[in-house]
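One structure is given here, and the rest of the page talks about it.
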Amino acid sequence: MSTTQSERLRGLLEPLVAARDLDLEEIEVTPAGKRRVLRIVVDSDEGVQLDECAELSREASQVLDDSDVMGGAPYTLEVTSPGADRPLTELRHYRRAVGRLIKAQLHEGGELVARITAVDDSGLDLEVPGVKGRKPTTRRVSFDEIAKARVELEFNRKSDKRDAQHDEKIDENKEEA
C-alpha cells in the first residue's frame, strides 16, 4: 500500500474509530486474487466486541464508498481486533497486558518470560516466575531494553488469591439469586 493511500485511509478512518473510543491499531491492504482485502484493526482498554466491529464496518464501508481512496478495483473490508499473540509495541499495549505473562526479547540479548505487575511511562515492573520451587522475583525493565515483546497465552494459569476471592464473590452472588 502506498504511503499516500495509507495516509488517506488513516485520515478517513481515524475519526470513525475515535468516535467509538477505539484505537486504530493498523490498516493493511493486501492482494487476494483479483480483489484486495482492506483490514482495519482496532482495540480499546476494554477490548472490542463483535457488534462494535460490525457497526464500525458499516460506517467505514459507507465512508470508503463515498471516497475514491480505494480506487475502482473491488475490495473486501474486514474490521477486527488484534490477535492475542500480537506484538506489544505501544505503551497502551503494555498497560492492557498488566497481569498477563509476556515473552520479551532484550536488546542486550536473552529472553525474559515474566508477568507484568505495573507499567509507567518509562518501563515495566515484572514478576519473574521461580524455577524448580524457588519463589518468584521482581524485576524492573525499561522500554529501551526491550527489542520486542508479546503476550504469552496461558491455558492452565494458577489463580492467585485475588482471583480466588473474586470467584468466591461470584459464587455467593449466584447462590443469592
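Selection of the range 82-102 for residues being open to solvent by 50 Å² or more (accessible area, probe 1.4 Å) and free of Cβ contacts under 8 Å to residues at least 60 places away in the same chain yields Thr89, Glu90, Leu91, Arg95, Arg96, Val98, Arg100. With respect to Asp51, is the statement that it is exposed (fewer than 14 other Cβ atoms within 10 Å of the Cβ), among the acidic types (Asp, Glu) and over 15 Å from the mean Cα position of the chain (by Cα) true? In short, yes.
Take the conditions at pLDDT below 95, surrounded by 12 or more Cβ atoms within 10 Å (Cβ to Cβ) and either touching an Asp or Glu at 6+ places or on another chain (Cβ under 6 Å) or not in a strand (DSSP E or B) (or both) and apply them to Asp171. Does it pass? When the stated conditions are applied, Asp171 does not pass them. Beta carbons closer than 9 Å, at least 6 apart along the sequence or on distinct chains, pair a first residue in the range 103-130 that is more than 13 Å from Ala149 (Cα to Cα) and part of a loop (DSSP other than H, G, I, E, B) with a second that is open to solvent by 30 Å² or more (accessible area, probe 1.4 Å) and hydroxyl-bearing (Ser, Thr, Tyr) for Ser122/Ser142; Pro129/Thr137; Gly130/Thr137. All of (1) β-branched (Val, Ile, Thr); (2) farther than 30 Å from Gln5 by Cβ; (3) under 20 Å from the mean Cα position of the chain (by Cα) hold for Thr138 with one exception: (3). When the test is whether a residue is closer than 23 Å to Leu13 by Cβ and either surrounded by 11 or more Cβ atoms within 10 Å (Cβ to Cβ) or hydrophobic (A, V, I, L, M, F, W, C) (or both), Val79 passes it.
The values are calculated or read from the model by the stated rules, or taken from the named source; none is laboratory data. Source: prediction; values computed, not measured. Positions of Cβ are backbone-derived with ideal geometry, glycine not excepted, and every protein chain shown enters the neighbour counts. Calculation scope for accessible area: heavy atoms of the full protein, side chains included, ligands and nucleic acids excluded. Shrake-Rupley method; radii C 1.70, N 1.55, O 1.52, S 1.80 Å.
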